[in-house]
Amino acid sequence: PHLAALVLARGGSKGIPLKNIKLLAGVPLIGWVLRAAIDAGVFHSIWVSTDHDEIEKVAKQFGAQVHRRSPEVSQDSSTSLEAITEFLNHHHEVDIVGNIQATSPCLHPSDLIKVADLIQKEGFDSVFSVVRRHQFRWSEVKKGENKMTEPQNLNPAKRYRRQDWPGELYENGSFYFARRHLIEKGYLQGGKMAYYEMRAEHSVDIDTDIDWPIAEQRVLSFGYFGKEPLKEVKLLVCSIDGCLTNGRIYVTEDHKEMVSYDYRDFVGIDLLKKRGIQVRLISDRDCSKTLSAMQLGCVAKVNVTNKLQVLKDWQEDMGLSWKEVAYLGNEESDVECLKQAGMSGVPADACAAAQKAAGYICRSRGGCGAVQEFAEHIFLLLEKVNSARKQ
């Protein structure tokens, strides 16, 4: 049976404008679930249903196909079931839909693989995600009612200790898988049903701006970053023009060039060095005099015609795996380096091709703190590496 992943991503979000492509830990929100769906390797096709051009653009960057949903199912009052039904009406080859929520950035491929087995091998008609919670519930007393509240799932005289109570299962909204015949009858859950229990730390849902900083910390700790495990970064290579500087060149009357850089980036480079990470600089043009004036104390290669070859030479000379190399670039000449490095980033004003190739998009522009921001991102991921080692 044709199993399709479908992410619903309407452009009009009342809580957070264009929430589905807002950057979360340097990646568009929708990118986290698309990465997990692609790497799961169980879907015959992966789709994003949207009514918005920018969302379509991001979806394609991450390797998904796009279904342009109609205005009729793009309203504030439109339901997920209506959007999924419309998708099926246009794609008769699809037998099973895995509706994945764009707002669940800690989803992992392993979860999707197990759910696919429940549907395809064990014959369930629908499977949905749940999370276990240890929360005591009480009956609601409406204002003006002369009533007492009543316990719903506990005896107050014998309150459970957490370790003595299995808790309860709640839908967490991460995904709903269902066969076509169920959806055509108007159900996302029905027939032979099963739940899939997700780990609590992977159960993250974003509805409002207040969730965003919490979700960023959660995704940095528990998110899925790719098929290969993260490793300790030992080398950062940074493009000079447009990353360390803002790309502008000032020329004086006596034909001398001047550029500016942000002191925060100098601090970021210094912190990287103190953590034992080598920082090397690279440029398409001959800016040796500028580098000498900056006094950054970094190995640099200028007037480079093939950045990828220089990067490979440095990687081999240091005896590093690609997972131990980070790269910060901003233009088309950086694209292949961004693809090759284990950790890659671009400033907020990088060209479209570089943004597409990067794993992290800074909030800061080139020459305005992007290097420091990317350094802080590296430090956060290194904490994840160290945490994994301890476990």
Note on the chain: contact order normalised by length, alpha-carbon pairs under 8 Å, 6 or more apart, percent, works out to 15
Given the DSSP H assignment, sum -39500 (n - 2.57) over each helix run of at least 4 residues in the chain and divide by its residue total; what's the result at 222 nm in deg cm²/dmol, nearest 500?
-9500 deg cm²/dmol
Can you tell me the mean projection area, over all orientations, of the convex hull of the chain's alpha carbons? Units nm², please.
26.3
Global geometry of region 235-389, whether rounded, prolate or oblate, following the gyration tensor of its Cα atoms and the 1.5 cut on a/c:
prolate
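How big is the charge dipole of region 235-389 about its Cα centre, in debye rounded to the nearest 20, if each Lys and Arg gets +1 on its Cβ and each Asp and Glu gets -1 on its Cβ? Working shown, then result.
Working: 19 positive and 21 negative charges, 103 e Å.
It works out to roughly 500 debye.
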When a/c reaches 1.5 or more, the comparison of a/b and b/c decides; with that in mind, is region 47-93 rounded, prolate or oblate per its Cα gyration tensor?
oblate
Answer rounded, prolate or oblate for region 14-155, using the Cα gyration tensor with square roots of eigenvalues a ≥ b ≥ c: rounded when a/c is under 1.5, else prolate when a/b is larger than b/c, else oblate.
prolate
Among 289/356; 22/301; 274/307; 19/60; 227/339; 19/185, which pairs are too far apart, with a Cα-Cα distance over 23 Å?
289/356; 22/301; 274/307; 19/185
In the chain, which whole DSSP H runs stretch at least 24 Å along their own axis (Cα) and average 0.0 or higher on the Kyte-Doolittle scale?
370-390
Check which residues have an amide H placed less than 5 Å from residue 24's amide H, if you skip close sequence neighbours.
29
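No value in this document is a laboratory result; all are computed from the given coordinates. Owing to the predicted nature of the structure, the values given are computational and were not obtained by experimental measurement. Because the Cβ atoms are built from the backbone with ideal geometry, glycine has one as well, and the counts that use them run over all protein chains shown.
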